[in-house]
Amino acid sequence: MGTRVKVLRVFKDLHKTRREVFRDDDRALTAARLKINEEFKKHKNETEENIKEMLKMARAVETILRENVIQGEHVEENKVLLRPRKSLLLDNVPYSDTPRNKT
């Protein structure tokens, strides 16, 4: 796959993740869109080696956004409503000091 295609794929993936992560938050959606576009425009004339490194970083950023960011909304003075996406919800496994024996 050519470098141009890879760059466009990462660009689209970042925007898709931005829309998922910041759903219903116009200010965050706009700020993220502007930042993504600004960074890609700023580095459009980079060398092939630099582009490969930047693609790795962009993939890492996309993964961090997708796996670690949770939306929160202030509902009262000392209360925040968290809105985790279904992909972030994990099974609740209780902690145990003693390991279970496999049967």
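In table form, for the structure just shown:
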| read-out | value |
| --- | --- |
| Breaking point among (1) farther than 22 Å from residue 11 by Cβ; (2) of a type outside the set (A, V, I, L, M); (3) open to solvent by 100 Å² or more (accessible area, probe 1.4 Å); (4) assigned to a loop (DSSP other than H, G, I, E, B), for residue 44 | (1) |
| Answer from 50, 78 - the residue that is of a type outside the set (A, V, I, L, M) and open to solvent by 100 Å² or more (accessible area, probe 1.4 Å) | 78 |
| From 100, 27, 83, 59, residue being of a type outside the set (Val, Ile, Thr) and surrounded by 15 or more Cβ atoms within 10 Å (Cβ to Cβ) | 59 |
| Lone unmet requirement of (1) within 18 Å of residue 85 (Cβ to Cβ); (2) part of a loop (DSSP other than H, G, I, E, B); (3) in contact with a helix residue (DSSP H, G or I) (Cβ under 8 Å, 6 or more places away or on another chain) for residue 24 | (3) |
| Unmet criterion (only one of (1) aliphatic (A, V, I, L, M); (2) exposed (fewer than 10 other Cβ atoms within 10 Å of the Cβ); (3) modelled with pLDDT of 90 or more) for residue 93 | (3) |
| Among residues of the range 62-73, those that are open to solvent by 60 Å² or more (accessible area, probe 1.4 Å) and assigned to a helix (DSSP H, G or I), counted | 4 |
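Yes/no matrix, rows are residues, columns are (1) farther than 19 Å from residue 20 by Cα; (2) of a type in the set (Asp, Glu):
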residue: 39; (1), (2): yes, yes
residue: 44; (1), (2): yes, no
residue: 83; (1), (2): no, no
residue: 86; (1), (2): no, no
residue: 97; (1), (2): yes, yes
residue: 101; (1), (2): yes, no
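The values are calculated or read from the model by the stated rules, or taken from the named source; none is laboratory data. This one's a predicted model, so the numbers in the text were calculated from it and none came from an experiment. Counting neighbours? That spans all protein chains shown, and the Cβs are built from the backbone with ideal geometry, glycine included. Each accessible area value is taken on the protein alone, full model and side chains, heavy atoms only, with ligands, DNA and RNA left out. Shrake-Rupley method; radii C 1.70, N 1.55, O 1.52, S 1.80 Å.
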